[in-house]
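Taking it in order: structure first as structure tokens, then the write-up.
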Amino acid sequence: MQTISQRAHDDFRVLLAVIWRNLGLGEPTPIQLRLAWYLQHGPRRQVIQAFRGCGKSWITAAFVLWCLWRNPQEKILVVSASKPRADAFSSFCLRLIREIPFLRHLTPGPDQRESMVCFDVGPATAAQSA
């Protein structure tokens with residue numbers, strides 16, 4: 001029998017449900033689960049369009065963490081309509097890294113970069129780009 005951590009590592013929708021519960025949001029809605037599946041299985045380059053309030057940004061932040069959990073060497077660029085929104089996205093990701101038990105190992109180490117603008121992933125080897 002797989003643990004929740006093992007299932008979440010294999011299926012982004014499981015990690016999304018764990019994060020939603022941690023945030024006090026209950027269970028993801030069917031549309032949110034479809035977005036999660038599309039992010040995991042859709043094309044490499046994709047655009048997500050959904051109605052306002054659907055959780056696109058939060059789902060995408062969770063997906064970024066899922067990708068970093070599976071490959072800490074991956075580099076992810078956050079593109080947003082404004083710098084404050086991009087910074088808030090990075091801050092939210094760092095918050096989730098600290099709050100979700102099986103993501104805590106991704107916390108930047110004492111000698112790594114950690115800011116709202118960019119951060120290193122704990123297990124990643126040193127690189128020019130955070």
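Values for this structure:
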{"item": "Computed P(r) (all Cα pairs; the stretch 82-121; 5 Å bins; percent)", "result": "5, 28, 29, 23, 11, 4, 0"}
{"item": "Principal axes of the stretch 20-82: Cα extent on each, largest first, Å", "result": "31, 27, 24"}
{"item": "The chain, accessible surface, carbon-and-sulfur percent (1.4 angstrom probe)", "result": "56"}
{"item": "Helical contribution to [θ] at 222 nm, DSSP H n ≥ 4, -39,500 (n - 2.57), averaged over the chain, rounded to 500", "result": "-15000 deg cm²/dmol"}
{"item": "Solvent-accessible area per residue for the chain (1.4 angstrom probe, square angstrom)", "result": "62"}
{"item": "Cα pair distances in the chain, grouped into 5 Å bins until the bin that holds the longest one, percent each", "result": "2, 10, 20, 24, 22, 15, 5, 2, 0"}
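The values are calculated or read from the model by the stated rules, or taken from the named source; none is laboratory data. Keep in mind the model is a prediction, meaning the values are calculated, not measured. With ligands, DNA and RNA removed, areas are computed over all heavy atoms of the protein, side chains included. Shrake-Rupley method; radii C 1.70, N 1.55, O 1.52, S 1.80 Å.
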